[in-house]
Amino acid sequence: MGFHKINGIVVLVVLGSLVGLSQGQGTRIGFYSARCPRAESIVQTTVRSHFRTNPTIAAGLLRMHFHDCFVEGCDASILIDGPNTEKTAGPNRLLRGYEVIDDAKQQIERVCPGVVSCADILALAARDSVVVSGGGSWAVPTGRRDGRVSQASATSNLPGFRDSVDVQKQKFLDKKLNTQDLVALVGGHTIGTSACQFFSYRLYNFTNGGPDPTIDPAFLPTLRGLCPNGGDGTRRVGLDSGSETRFDAGYFAKLRDGRGVLESDQRLWGDASTRSVVQRFIGVRGFAGLTFGIEFGRSMVKMSNVEVKTGTNGEIRTVCSAVN
């Protein structure tokens, strides 16, 4: 499921709504059309090239953009190297895809020096990572500038794998993102994998020495086989088994069936407010349907405009890993 199945009339409606979302944020669609018209195509080509050799890179780029936007806004602060920067914080240590952004930045700098921000490259790469994974495209408003501050301590507001639904909802609300945005964005970020250390506690000693009762008993042996008790916590397991490199709505059905890998994801089915959105994405009878690809694109545009730096705020970094 995705934008690639949408007819031209619907696409026009979607693009119109995205333009509306970008108004008043200081970003706009086509920001580089005059000063660096090749910027978007360079990012797209770079993502495709890296994806061909490593399909897991798409999930890494999508997650990196998500983690960037929730800390200091979408300003590429996640890319800055150094002690106690965001990328050194626990939630970010396993992020990957930095080399893709560096590659695209170097190519763009050769044709348009000092024009395109690393924050915009990351936002564009996140969109393109969905496209190469089989999802649809959307227009990305650009015009962000890069932040100069990156602190590991600022990552405490990132959604966590043990967060209750109420905590998740509040963290998203703090970024002006609603419950539907929460479910859509979590669903999109389940392409890819998670390390055993982030969910193996659910398998062995969750309650009274037993597993998390929300896990489908038929699924439990599979997870235990992948993540043995006391085994390698860094081993990676697909969040959407059999579809971890493909962008689709399949993970929502897995939540219904008790096959969510992360506790925070599975809890979306246990809470009435989030379960109703999940049901709309999987087309449960009696619920008005939602097209996941379309809603994901809308939510991504909203998130990508979180606390952005524009105009004279911030800078355009020459190298994404270091402030000028």
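A few remarks follow.
- Listed by position, the helices (runs of 4 or more DSSP H) inside the range 164-210 whose residues that are within 23 Å of Val132 (Cα to Cα) and open to solvent by 20 Å² or more (accessible area, probe 1.4 Å) number at least 1 are 179-188.
- Residue count for the range 57-73 satisfying the condition of being closer than 19 Å to Ser194 by Cα and open to solvent by 50 Å² or more (accessible area, probe 1.4 Å): 1.
- When Asp81, Asp102, Asp68, Asp120 are screened for being touching a strand residue (DSSP E or B) at 6+ places or on another chain (Cβ under 6 Å) and among the acidic types (Asp, Glu), only Asp120 passes.
- Every residue from the range 294-324 that is farther than 18 Å from Ala104 by Cα and of a type in the set (Ser, Thr, Tyr): Ser299, Ser304, Thr310, Thr312
- Number of residues in the range 103-134 that are of a type in the set (S, T, N, Q), surrounded by 20 or more Cβ atoms within 10 Å (Cβ to Cβ) and farther than 17 Å from Phe247 by Cα: the value is 1.
- Hits in the range 135-154 - residues which are open to solvent by 10 Å² or more (accessible area, probe 1.4 Å) and over 15 Å from the mean Cα position of the chain (by Cα): Ala139, Arg145, Arg148, Val149, Ser150, Gln151, Ala152, Ser153, Ala154
- Among (1) in contact with a Leu (Cβ under 8 Å, 6 or more places away or on another chain); (2) open to solvent by 30 Å² or more (accessible area, probe 1.4 Å); (3) assigned to a helix (DSSP H, G or I), the one test that Pro221 misses: (1)
- Count of the range 75-88 residues which are out of contact with any Leu (no Cβ under 8 Å at 6 or more places or on another chain) and not hydroxyl-bearing (Ser, Thr, Tyr): 7
- Some residue of the range 306-314 being among the basic types (Lys, Arg), under 17 Å from the mean Cα position of the chain (by Cα) and either part of a loop (DSSP other than H, G, I, E, B) or buried (at least 16 other Cβ atoms within 10 Å of the Cβ) (or both): no
- Residue in the range 249-270 that is modelled with pLDDT of 90 or more, open to solvent by 50 Å² or more (accessible area, probe 1.4 Å), touching a Phe, Trp or Tyr at 6+ places or on another chain (Cβ under 7 Å) and part of a loop (DSSP other than H, G, I, E, B) present: yes
- Scanning the range 90-133 for residues that are among the small types (Gly, Ala, Ser), part of a helix (DSSP H, G or I) and modelled with pLDDT of 95 or more gives Ala104, Ala119, Ala123, Ala125, Ala126, Ser129.
- Taken over the range 224-248, the criterion of being part of a loop (DSSP other than H, G, I, E, B), of a type outside the set (A, V, I, L, M), open to solvent by less than 40 Å² (accessible area, probe 1.4 Å) and under 22 Å from Asp163 (Cα atoms) is satisfied by Cys227, Gly233, Asp240.
- Annotation note: Cβ proximity below 6 Å between a residue of the range 136-150 that is more than 15 Å from Leu122 (Cβ to Cβ) and a residue that is open to solvent by 20 Å² or more (accessible area, probe 1.4 Å) (sequence gap 6+ or interchain) occurs for Gly136/Phe3; Gly136/His4; Ser137/Phe3; Ser137/Val131; Ala139/Leu15; Ala139/Ile29; Arg148/Val323.
- Boolean, Arg280 is modelled with pLDDT of 95 or more, crowded, with 19+ Cβ neighbours inside 10 Å and not in a loop (DSSP other than H, G, I, E, B): no
- Tally, over the range 144-163, of residues that are within 15 Å of Cys74 (Cβ to Cβ), of a type in the set (Gly, Ala, Ser) and either in contact with a strand residue (DSSP E or B) (Cβ under 8 Å, 6 or more places away or on another chain) or not in a helix (DSSP H, G or I) (or both): 2
The values are calculated or read from the model by the stated rules, or taken from the named source; none is laboratory data. Since the model is a prediction, treat every value here as computed from it, not as a measurement. Here the Cβ is made from the backbone with ideal geometry for all residues, glycine too, and neighbour counts use every protein chain on show. Note: accessible area is taken over every heavy atom of the protein model, side chains too, but ligands, DNA and RNA are not part of it. Shrake-Rupley method; radii C 1.70, N 1.55, O 1.52, S 1.80 Å.
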